[in-house]
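*Asks:* To start, I am sharing the structure in question, which I have written as structure tokens.
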Amino acid sequence: MAGTVVIKWGGGLITHKDQLCTVNSEVIESLAKVCADSSKRLVIVHGAGSFGHMKAKKFRLAEGRIKGMNQDDAVESVRSDMKLLNKFVMEALQRAGVEAKSFPPHEWALGTGPNFEGELPIFDGVTVVFGDVVEDKEKEFGILSGDDLILRYSKELDGVERAVFAIGGVDGILRVPPGRAGADDLIEVWNPDVEFEGEHASEIDVTGGIGLKAARGAEISKNGIDVILVNGEFPSRVLDAIEGKSVIGTRIMSGNS
Ligand code: IP8
């Protein structure tokens with residue numbers, strides 16, 4: 001049986017992050033075709049981009065219930081926006097001929113962060129999950145990031161060969177923020193001892209940006225699984241990364257710890 005690869009489609013890659021609820025259809029179509037061409041059994045985790053972070057930030061959903069603030073409509077609205085983004089993803093996969101099934105996390109996951117509860121759903125074809133607003137025992141609700149989902153799927157599913165983070169706008173982890181980076185600033189092999197000046201747009205992003213991906217990647221790598229971060233705007237790089245071929249990007253190692 002084909003080996004399993006868990007892949008994250010970054011929210012900043014599949015949506016236009018600065019305009020509420022706008023998809024990057026071209027990228028979604030090309031990623032769906034990559035999945036159709038792959039020889040692996042895939043689990044796709046997609047991020048939220050402009051379908052999640054803006055409203056979640058405005059209504060402080062990552063902090064859970066806040067006294068005196070009406071957040072209920074926002075919880076429902078972000079969940080339905082995420083379902084809509086997921087619908088675009090599922091339709092593109094279907095058009096590409098990929099048999100896939102989606103499992104919205106607010107229906108099965110409890111709690112946020114890497115130790116969320118709930119049995120990870122899995123489908124015989126391609127399994128699809130995404131960052132979502134989930135219930136939480138203490139906070140009532142919170143934001144479960146796709147970066148925590150990719151960590152848990154990579155660690156707990158049998159036969160995972162590789163975890164791939166497909167991100168938007170950059171070739172991998174850069175030594176300095178993209179605006180200042182030159183051709184030599186791509187870190188080809190990263191571990192937690194290697195410093196980099198990550199940019200995190202905390203004014204719009206309610207989860208962790210590149211820093212969270214790097215940390216979760218290192219955690220996955222501790223389990224002996226290859227982890228690679230690639231620029232998802234280049235479909236051939238994404239396919240090569242899935243298939244385990246050498247590719248421009250950042251390989252993440254767990255380091256010495
Ligand atoms: O973009 C965040 O998921 P991420 C989910 O994978 C929401 O961190 C709803 C903001």
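The values are calculated or read from the model by the stated rules, or taken from the named source; none is laboratory data. Everything quoted here is computed from the prediction, not taken from an experiment. Cβ placement follows ideal geometry from the backbone for every residue including glycine, while neighbour counts extend to all protein chains displayed.
*Asks:* Specify which of the listed residues (96, 109, 74, 62) is farther than 23 Å from residue 208 by Cα and at pLDDT 95 or above.
*Replies:* One residue alone meets the criteria, 96.
*Asks:* Out of 40, 17, which single residue is over 24 Å from residue 227 (Cα atoms) and either among the basic types (Lys, Arg) or touching a Pro at 6+ places or on another chain (Cβ under 6 Å) (or both)?
*Replies:* Only one candidate qualifies: 17.
*Asks:* Determine if the range 88-100 includes at least one residue that is in a helix (DSSP H, G or I) and within 21 Å of residue 151 (Cβ to Cβ). Quick ask: steps written out before the conclusion?
*Replies:* Within the range 88-100, the subset in a helix (DSSP H, G or I) is 88-95.
Imposing the further condition that a residue be within 21 Å of residue 151 (Cβ to Cβ) reduces the set to 89.
Within the range 88-100, one or more residues are in a helix (DSSP H, G or I) and within 21 Å of residue 151 (Cβ to Cβ).
*Asks:* Right, next: Just need a number here: residues in the range 213-257 that are farther than 24 Å from residue 158 by Cα and within 16 Å of the ligand (Cβ to nearest atom).
*Replies:* Count: 1.
*Asks:* Further, regarding this structure: Could we say that residue 116 is within 12 Å of the ligand (Cβ to nearest atom) and among the aromatic types (Phe, Trp, Tyr) here? Can you show your working first?
*Replies:* Details: within 12 Å of the ligand (Cβ to nearest atom): no; among the aromatic types (Phe, Trp, Tyr): yes.
No, not satisfied.
Residue-by-condition table, conditions (1) loosely packed, with under 15 Cβ neighbours inside 10 Å; (2) hydrophobic (A, V, I, L, M, F, W, C); (3) under 16 Å from the mean Cα position of the chain (by Cα); (4) modelled with pLDDT of 90 or more:
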residue: 190; (1), (2), (3), (4): no, yes, no, yes
residue: 200; (1), (2), (3), (4): yes, no, yes, no
residue: 203; (1), (2), (3), (4): yes, no, no, no
residue: 215; (1), (2), (3), (4): no, yes, yes, yes
residue: 243; (1), (2), (3), (4): no, no, no, yes
residue: 257; (1), (2), (3), (4): yes, no, no, no
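*Asks:* Turning to a different aspect of this structure: Step by step: first the residues of the range 129-160, then only those that are of a type in the set (Asp, Glu) and closer than 17 Å to residue 216 by Cβ, then the one that is farthest from the ligand (Cβ to nearest atom). Which residue is that?
*Replies:* By that ranking, first place goes to 156.
*Asks:* Where residues in the range 60-79 are among the small types (Gly, Ala, Ser) and more than 8 Å from the ligand (Cβ to nearest atom), which of them is nearest to residue 100 (Cα to Cα)? It would help to see each step written out before you state the result.
*Replies:* Within the range 60-79, the first condition is being among the small types (Gly, Ala, Ser), and the residues that meet it are 62, 64, 68, 74, 77.
Subsequent filtering for residues that are more than 8 Å from the ligand (Cβ to nearest atom) retains 64, 68, 74, 77.
Numbers: 64: 31, 68: 41, 74: 28, 77: 25 Å.
Filtering first and then ranking leaves 77.
*Asks:* Search the range 98-109 for residues that are free of Cβ contacts under 8 Å to residues at least 24 places away in the same chain and pair each with any residue that is surrounded by fewer than 17 Cβ atoms within 10 Å (Cβ to Cβ) and among the acidic types (Asp, Glu) when their beta-carbon atoms are under 9 Å apart and the residues are at least 6 apart or on different chains.
*Replies:* What qualifies is 108/119.
*Asks:* Please enumerate the residues belonging to the range 121-152 that are under 16 Å from residue 4 (Cα atoms) and either crowded, with 24+ Cβ neighbours inside 10 Å or of a type outside the set (Ser, Thr, Tyr) (or both).
*Replies:* Residues satisfying the conditions are 121, 122, 123, 124, 125, 126, 128, 129, 149, 150, 151, 152.
*Asks:* Can you name the number of the only condition in (1) surrounded by fewer than 16 Cβ atoms within 10 Å (Cβ to Cβ); (2) touching a helix residue (DSSP H, G or I) at 6+ places or on another chain (Cβ under 6 Å) that residue 225 fails?
*Replies:* (1)
*Asks:* Residue check, residue 207 against (1) at negative phi; (2) away from the ligand (no atom under 13 Å from the Cβ), all met but one. Which one?
*Replies:* For residue 207, the failing item is (2).
*Asks:* Condition first: out of contact with any strand residue (DSSP E or B) (no Cβ under 7 Å at 6 or more places or on another chain), among the charged types (D, E, K, R) and more than 12 Å from the ligand (Cβ to nearest atom). Now tell me which residues in the range 9-59 satisfy that.
*Replies:* 18, 26, 29, 33, 37
*Asks:* Here is a follow-up. Taking residue 76 as the residue in question, decide whether it is within 25 Å of residue 241 (Cβ to Cβ) and acidic (Asp, Glu). So that I can check it myself, show each step before the final result.
*Replies:* Values: within 25 Å of residue 241 (Cβ to Cβ): no; acidic (Asp, Glu): yes.
Judged against the criteria, residue 76 is not a match.
*Asks:* Pull out all pairs, ordered by first then second residue, where Cβ-Cβ is under 9 Å, the residues are six or more apart or on different chains, the first lies in the range 124-136 and is closer than 21 Å to residue 57 by Cα, and the second is surrounded by 22 or more Cβ atoms within 10 Å (Cβ to Cβ) and acidic (Asp, Glu).
*Replies:* Listed pairs, sorted by first residue: 131/147; 131/148.
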